[in-house]
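**Q** Dropping a structure here in structure tokens format, bear with me for questions.
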Amino acid sequence: YQQFKHLQQSPLGINKEYVISIPLHKADKGMETIEKLRMRLAANPNILSISGSSINIGRGKDGSSSKSTTGFDYKDKKISTNIAAIDYDYLKTFGLKITEGRDFDRAASADTFHNVLVSQSVAKQFGEKQLIGQKIFVDSASAPWHVIGIFPDFHLYSMHEEIQPLTLVMGKNAA
């Protein structure tokens, strides 16, 4: 009972009070499904925001969770981060505000897979006074990441784990 109570009352770093998480069975159709939901529910004044990501909050119904992690070198430092592909309004949906820079914006045609948002714990690893606008070469074979915003750390995975560094990328074909 105490553990259950702890999990219910522990701060996750997000506003979980009115959030509904719906796992999608066909991940390849995820953004299309989110856009359909957005169009059908947009007129309902009780729905404030709709978004999606490649990672479900916490554990799924089957008890599983997924992580995508990458590591790379940056100016003689080892950087490690989990990565989640997201849709617009992801941070807004969880009540998170950008602490530096900006969020993804539909009006910004440059918001592609290479623009990224990083959590404060990722930003700290770089040790830069000004990370916004930096080009980060994660892989020499691909285009660099452009850091456009920094957001507060939050629990995305199990409460049995420490909050982990997270980088958010705009999901392919984001709606």
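The values are calculated or read from the model by the stated rules, or taken from the named source; none is laboratory data. All values derive from a computational prediction rather than experimental measurement. As a convention, Cβ positions derive from the backbone with ideal geometry for all residues, glycine included, and neighbour counts pool all protein chains shown. For accessibility, only protein heavy atoms count, side chains too; no ligands or nucleic acids. Shrake-Rupley method; radii C 1.70, N 1.55, O 1.52, S 1.80 Å.
**Q** Kindly indicate the residue of region 82-102 that is acidic (Asp, Glu) and within 11 Å of the chain's Cα centre (by Cα) and also surrounded by the fewest Cβ atoms within 10 Å (Cβ to Cβ) among those meeting that condition.
**A** To start, the set of residues in region 82-102 that are acidic (Asp, Glu) comprises 87, 89, 100.
Now drop any that are not within 11 Å of the chain's Cα centre (by Cα), which leaves 87, 89.
On the way: Asp87: 22, Asp89: 18.
Out of the qualifying residues, it is Asp89.
**Q** Hey, does region 74-96 have a residue that's of a type outside the set (A, V, I, L, M), assigned to a loop (DSSP other than H, G, I, E, B) and in contact with a Pro (Cβ under 9 Å, 6 or more places away or on another chain)? Break it down into steps so the answer makes sense when it comes.
**A** From region 74-96, those of a type outside the set (A, V, I, L, M) are 74-78, 80-82, 87-90, 92-95; that's our starting set.
This time we only want the ones that are assigned to a loop (DSSP other than H, G, I, E, B), so: 75-76, 87-89, 94-95.
Applying the additional criterion that residues be in contact with a Pro (Cβ under 9 Å, 6 or more places away or on another chain) yields none.
Within region 74-96, not a single residue is of a type outside the set (A, V, I, L, M), assigned to a loop (DSSP other than H, G, I, E, B) and in contact with a Pro (Cβ under 9 Å, 6 or more places away or on another chain).
**Q** Follow-up. Inspect all residues belonging to region 22-41 and state whether any of them is modelled with pLDDT under 75, farther than 30 Å from Pro144 by Cβ, in contact with a helix residue (DSSP H, G or I) (Cβ under 7 Å, 6 or more places away or on another chain) and open to solvent by less than 80 Å² (accessible area, probe 1.4 Å).
**A** yes
**Q** If Gly71 satisfies all but one of (1) in contact (Cβ under 8 Å) with a residue 40 or more places away in the chain; (2) part of a strand (DSSP E or B), what's the number of the condition it fails?
**A** Of everything listed in (1) in contact (Cβ under 8 Å) with a residue 40 or more places away in the chain; (2) part of a strand (DSSP E or B), Gly71 misses just condition (1).
**Q** Let me ask something additional. Here is a list: Lys124, Lys97, Lys135. Which entry is of a type in the set (D, E, K, R) and out of contact with any Phe, Trp or Tyr (no Cβ under 9 Å at 6 or more places or on another chain)? So that I can check it myself, show each step before the final result.
**A** Values: Lys97 fails: out of contact with any Phe, Trp or Tyr (no Cβ under 9 Å at 6 or more places or on another chain); Lys135 fails: out of contact with any Phe, Trp or Tyr (no Cβ under 9 Å at 6 or more places or on another chain).
After applying the criteria, what remains is Lys124.
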